[in-house]
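The values are calculated or read from the model by the stated rules, or taken from the named source; none is laboratory data. Computed from a predicted structure; not experimentally measured. Cβ placement follows ideal geometry from the backbone for every residue including glycine, while neighbour counts extend to all protein chains displayed. Note: accessible area is taken over every heavy atom of the protein model, side chains too, but ligands, DNA and RNA are not part of it. Shrake-Rupley method; radii C 1.70, N 1.55, O 1.52, S 1.80 Å.
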Amino acid sequence: MLTSQGHHRVADFKAAFGNISHTCLFAMLKNYGFSEHFIYRIQKMYENATSFIQINGHISSTLPIRCSVRQGCPFSMQLFALCVNHLLCILDDKLSGIRVGRRGDKTTVVAYADDVTIFIISPKYRTLYGVTRPSS
């Protein structure tokens with residue numbers, strides 16, 4: 001249970017797969033210590049990726065894809081999770097979180113797939129991401 005000074009915010013990264021920058025993805029892989037050979041293979045999967053738009057039977061010219069992990073690819077969830085994990089670590093480091101259980105272990109962020117719950121105690125973080133209403 002959260003006190004009157006505690007709040008929680010739920011973030012659902014709708015269409016999150018489509019918002020992962022390829023540059024960010026490759027940097028994350030390097031930061032996590034993946035080999036250059038592995039990163040090269042992932043880069044090849046995304047190199048020269050294009051799409052097009054069809055409206056009322058008219059097809060656009062090709063559009064370069066510089067963001068997103070591939071829809072339907074079994075590896076995409078792991079790539080997405082690595083990118084989101086970096087954000088979760090930053091939030092855990094910067095926010096006070098709440099104390100849970102008998103030992104009082106700190107819990108700042110709980111995540112499952114693309115749903116993230118952030119626990120906030122400090123009033124200075126109440127406006128995180130523009131959400132200001134206290135949770136009940």
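See the values below:
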{"read-out": "Meets criteria (within 15 Å of the chain's Cα centre (by Cα) and farther than 19 Å from VAL116 by Cα) for LEU79", "value": "no"}
{"read-out": "Cβ pairs under 7 Å, 6+ apart, first in region 77-100 and modelled with pLDDT under 85, second open to solvent by 50 Å² or more (accessible area, probe 1.4 Å) and of a type in the set (Lys, Arg)", "value": "GLY97/LYS106; ARG99/LYS106"}
{"read-out": "Long-range neighbours under 6 Å by Cβ, at least six apart or interchain, first residue touching a residue at least 24 places away in the same chain (Cβ under 8 Å) within region 37-50, second surrounded by 11 or more Cβ atoms within 10 Å (Cβ to Cβ) and in a helix (DSSP H, G or I)", "value": "TYR46/HIS22"}
{"read-out": "Subset of region 32-62 that is of a type in the set (A, V, I, L, M), surrounded by 10 or more Cβ atoms within 10 Å (Cβ to Cβ) and modelled with pLDDT under 95 - its residue that is nearest to HIS86 (Cα to Cα)", "value": "ILE42"}
{"read-out": "Region 56-75 residues that are over 16 Å from ASP114 (Cα atoms), paired with ones that are part of a strand (DSSP E or B) and open to solvent by 60 Å² or more (accessible area, probe 1.4 Å) (beta carbon under 6 Å, 6 or more apart)", "value": "THR62/THR50; PRO64/THR50"}
{"read-out": "Selected residue (criterion: most open to solvent (accessible area, probe 1.4 Å)) from residues of region 121-136 that are closer than 23 Å to HIS86 by Cβ, modelled with pLDDT under 50 and in a loop (DSSP other than H, G, I, E, B)", "value": "THR127"}
